[in-house]
Amino acid sequence: MAHKDHLLAAYHGLLAAAGLLLCVLAELLIFALRRGAALYVVPVSAMLLLGRYRRRAAGGAGIRVGLVDFSCLKPPRRLRLPVAGLLEHLELGGFFDRGSIEFMTKAIRSSGMGNETYLPPALHYLPPASTHAHAIREAHMLFFPALDDLFEKSSVPPSAVGALYAVVVSAEILTVGWYRGKDRGKLLLNCNFRTGCSAALLTNSAAAPVKYRLVNVTRTNTTANDLSYRAGYREEDEEGITGFTLGQGVGRMVSELLRAHLLTLSLSILPWREKARYTAALLLSMRRRGQDKLAGSSSGASGASAPMPDFRAAADHFCLPSSGKPMILRLGKGLGLGEREMEAALMTFHRFGNQSAASLWYQLAYLEAKGRVRKGDTVWHLGIGSGLKANSLVWERVAVADDVAAGGLDALGPWMECIHQYPVWE
């Protein structure tokens, strides 16, 4: 299959080179014959048509990608660690000084995390164990049950997963990510990240039944910017202990990343009426600022924030990075979202903590368990990771939604035993 993809890419490259060569020859011929200027349209049109063909060929596979089903692991009850138990654990671990414990206590209590989150077995030990062998056992504990549940739900045998079926597994292996030093820039991972795992089954087969159709994929990567790269990365502290650092200015760099990401994304997913409204509001704001500048005013409209698109017009449901209640609220406010749009992210963090990319699937499971995702609805997955990088997936529900009360597929998952307790608002 890799060889076939290589040949296909080579064919497209050869076709593009041949088209470019023909256009250049046509230009030279027109110039040599000194014919009418209208003939210049011929090679230009050929290049535009070729570019359109290549874009359609490249985007055709994306249009056919669908989500067969997904699964989210609910860890065993014995791995539960309430906030009070976690704080006691930090005291008894013997690694942290008083200042570090007070810092983590304040961060945990203000994060919006509840008392039902989980940590892997190795981090329940006193002192916690962070060996490679423990990390392998943690991965087995997460991956295999999630995959077993996925294949059972989808009725797809593992042997069918290959070139046309793909499985994506997301998890955060905390055993080797646990930081036991004193650098406060590295202690936040201990405060927010918790155990969890998701598995999603994708297909580009037109014959396979799917729950969701992939509508749009947008990626933004700013790793080439040194300030962006150093906003979040792994390194050793002064004592030689490895940990994940959240650098100074991470909030500003994330804001710049999202600004660039949303600018690209909005061109694809916003409806025309919202694009027109935002353009008119932006032009009006620029006009007012120009008038205030001419009048020498430093207040009023010139001090107002720039207008933002209404991203609620882009999707019906939202799954956001689960990086703690303050960050979720800040991001949601920047997107113009209300309490209901942020509910899935806030409740997932409250119940399960930050599970990295898997949190987005736990949020979708929350929305399904609530019975909110109906046929024709769109769901926006927004992920942010180190680098910094942002990734957006927009899904459309194409299968008829199951009746949760009747025990349909949407009712299964990590929320089944506790969905009636949510939402929980402080």
Fill in: Point-to-point label distance, residue 129-residue 77, nm (Cα→Cβ direction, 7 Å offset)
2.5
Worksheet entry | Local electrostatic count at residue 266 - Lys and Arg +1, Asp and Glu -1, tallied over other residues with Cβ under 9 Å | 0
Worksheet item: Using the Kirkwood radius built from alpha carbon pairs, what does the Stokes-Einstein equation give as D for the range 66-220 at 4 °C and 1.567 mPa s, in µm² per second?
Response: 74
Discussion item. If R₀ is 45 angstrom, what is the calculated FRET efficiency for the pair residue 268 and residue 136, using the beta carbon separation as r and rounding to 0.05?
Written reply: 0.65
Practice prompt. Please list 260-273, 375-388 highest first by mean number of surrounding beta-carbon atoms within 10 Å per residue.
Written response: 375-388, 260-273
Discussion item. On the principal axes of its Cα set, how long, how wide and how thick is the range 324-365? Give whole Å, largest value first.
Written reply: 24, 18, 16
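Pull out a ≥ b ≥ c, the square roots of the eigenvalues of the alpha-carbon gyration tensor of the range 80-141, then state rounded if a/c is under 1.5, prolate if not and a/b is larger than b/c, and oblate in the remaining case.
It comes out oblate by the Cα gyration axes.
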Fill in: Vicinal HN-Hα couplings computed from phi for the range 222-230 (Karplus, 6.51 cos²θ - 1.76 cosθ + 1.60; Hz; Gly/Pro x)
10, 4, 5, 7, 4, 5, 5, 4, 7
Response to the item:
In order over the range 330-335: 3J(HN,Hα) from phi, Karplus 6.51/-1.76/1.60, θ = phi - 60°, whole Hz, x for each Gly or Pro, gives 5, 5, x, 5, x, 8
Worksheet item: Given charges of +1 on the Cβ of Lys and Arg and -1 on the Cβ of Asp and Glu, with all other atoms neutral, how large is the dipole of the range 323-368 about its Cα centre, in debye to the nearest 20?
Response: 180
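Bear in mind these aren't lab numbers, they're just calculated from the coordinates by the rules spelled out. All values derive from a computational prediction rather than experimental measurement. So basically every Cβ, Gly included, is an ideal-geometry build from the backbone, and we count neighbours across all protein chains shown.
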